[in-house]
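First the structure, in the form of structure tokens, and then the observations on it.
What follows is calculated from the coordinates using simple rules that are stated; it is not laboratory data. This is a predicted model, so every value here is computed, not measured. Note that each Cβ is placed from the backbone with ideal geometry, even for glycine, and that neighbours are counted across all protein chains shown.
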Amino acid sequence: MQILTTKQELLQQIEACKRQGKTIGLVPTMGALHQGHASLVRRAVSENDVCVVSVFVNPTQFNNKEDLIKYPRNIRRDAELLSEIGVHFVFAPTPEEMYTEEEMNTTFCFDFAGLDQVMEGKMRPGHFNGVVQVVSRLFYLVKPDRAYFGEKDYQQLAIIHHMVERSALKDTFGGLQIVNCPIVREASGLALSSRNERLSEAQKAIAVNISKTLFESVKWAKTMSVAAVQQQVIDTINAIDGLEVEYYEIVDQSTLLPVQDFNHAIGCVTVYCGEVRLIDNIQY
Ligand code: PAF
């Protein structure tokens, strides 16, 4: 496995792979890798001739400076895991390598068709501009045949599908296929996240109630209205000491607009466990 830190090195390797007619799978990450990432990477390794994993804590998608500073980083441990799985290239640039100063300081403009106006987009203004900025740049550099994303960040996944399949940028990405990968959970049900590293054992035990409530809500959905289920999820999680719901929205899986019934619906939640912001979702 080679670790590449410059765009030029990456472009050279990609050109060589393309010349040899090899297919390329890309897994974009911000590092602090866990078994959730590992499942995406294993899939990318098995479905492509070459697997590229980017490890880049993208500053332009953090609207909270403190969150960016505290984001866990451990490139040595990440590289060990990726090498064991059989990754060919890790792309780990610095922010200065990725962006010009102007790019770093101006908001990337993109037509989200409203997908950024709800949930994470509403709570974290500018977040998805940064995500689209970095992901489109990675697609441009790596020219992958397939790119792998986890369903835990469901809104991000919906926006990336929009970018590749329906937006004005779509022709730039040729036949790129976006591969959705299911949420990986601990045995307790807690969705794996790099942010879990910031939870104490006691907080982890409390955080389990997020997924537990979401699973329960599937039963509630059989007899209750969307509005009633939404409220019951919020009340149940808020009743637990140490958890505070930021939002729970039940929306259409493609448009992310509110729904009247559970057909093609997904419930997306963000909960503060102490200072740590956790997200999860459930498909009805
Ligand atoms: O999901 C993430 O880890 C990030 O948002 C991504 C897609 C790697 C872009 O920085």
Report task. Please go through the stretch 44-62 and pick out each residue that is in contact (Cβ under 8 Å) with a residue 40 or more places away in the chain, surrounded by fewer than 21 Cβ atoms within 10 Å (Cβ to Cβ) and closer than 17 Å to Q156 by Cβ. Result -> F56, P59, F62
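Here's the yes/no breakdown for (1) out of contact with any strand residue (DSSP E or B) (no Cβ under 9 Å at 6 or more places or on another chain); (2) buried (at least 18 other Cβ atoms within 10 Å of the Cβ):
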site: I69; (1), (2): yes, no
site: V87; (1), (2): no, yes
site: G114; (1), (2): yes, no
site: Q133; (1), (2): yes, yes
Requested in this report: Name the one entry in S54, S39 that is hydroxyl-bearing (S, T, Y) and in contact with a Leu (Cβ under 7 Å, 6 or more places away or on another chain).
Outcome: S54
Report summary line: Inside the stretch 190-245, the number of residues satisfying the requirement of being of a type in the set (A, V, I, L, M) and out of contact with any helix residue (DSSP H, G or I) (no Cβ under 8 Å at 6 or more places or on another chain) is 9
